[in-house]
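Take a look at the structure below.
The values are calculated or read from the model by the stated rules, or taken from the named source; none is laboratory data. Quick caveat, the model's predicted, so the values are computed rather than measured. Heads up, the Cβs are rebuilt from the backbone with ideal geometry, glycines too, and the neighbour counts pull from every protein chain shown.
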């Protein structure tokens, strides 16, 4: 099911719409440091999509906000369903490629299916099974899943329990991951 998936432009346009709504809502808030007004201060990104998310490579801007108060100018980067933290690959690709890497027994088979180096997907799988399991987001996701999630097969053990089409499952998991997609300085 996942080894033949290619996330298209319509999928990523939907993610863009979600991110626009998130940044517009965040722009209403005041600066958490000084109470000043927040202004758009987007910054450039060069995301990768591999073979499964080529349409995402058009995401050239990461939405961000910046305090307009002189002397403060702190950045407030809202969460994003498009970007999973500082990773070069977009979030949906990290999820799908990780699932494919778990499901394929040979690393080169996963690389052929996703266009992403086996070394990269192994690093992502270490994150899913290590640091990710120590987050409050993982605790919240785990509390929604009965029986307990298999940490050894993350993110497959999450994705396989979500209802609907593959794209809907990925979108749902991206929404759940929102809190870990940003660090505000």
- Of the conditions (1) surrounded by fewer than 23 Cβ atoms within 10 Å (Cβ to Cβ); (2) closer than 22 Å to residue 24 by Cα; (3) in contact with a helix residue (DSSP H, G or I) (Cβ under 7 Å, 6 or more places away or on another chain), residue 80 fails just one. Which one is it? (1)
- Item | Candidate set: segment 169-184, residues that are under 8 Å from the mean Cα position of the chain (by Cα) and part of a loop (DSSP other than H, G, I, E, B); chosen: the one modelled with the highest pLDDT | 177
- Query: Among the residues of segment 56-64, is there at least one that is farther than 26 Å from residue 114 by Cβ, under 17 Å from the mean Cα position of the chain (by Cα) and not in a strand (DSSP E or B)?
  - Reply: yes
- Output for segment 83-128, where each listed residue is loosely packed, with under 15 Cβ neighbours inside 10 Å and either assigned to a helix (DSSP H, G or I) or on the phi > 0 side of the Ramachandran plot (or both): 85, 107, 108, 112, 119, 122, 123, 126
- Query: Based on what the data block shows, is residue 25 surrounded by fewer than 15 Cβ atoms within 10 Å (Cβ to Cβ) and over 20 Å from residue 180 (Cβ atoms)?
  - Reply: no
- Of all residues in segment 129-177, which are in contact (Cβ under 8 Å) with a residue 24 or more places away in the chain, farther than 20 Å from residue 11 by Cβ and loosely packed, with under 14 Cβ neighbours inside 10 Å? 135, 136, 140
- Message: Residues that are in contact with a strand residue (DSSP E or B) (Cβ under 7 Å, 6 or more places away or on another chain) and on the phi > 0 side of the Ramachandran plot: does segment 6-26 have at least one?
- Response: no
- Those residues of segment 33-55 which are surrounded by fewer than 21 Cβ atoms within 10 Å (Cβ to Cβ) and part of a strand (DSSP E or B) amount to 37, 39, 40, 43, 44, 48
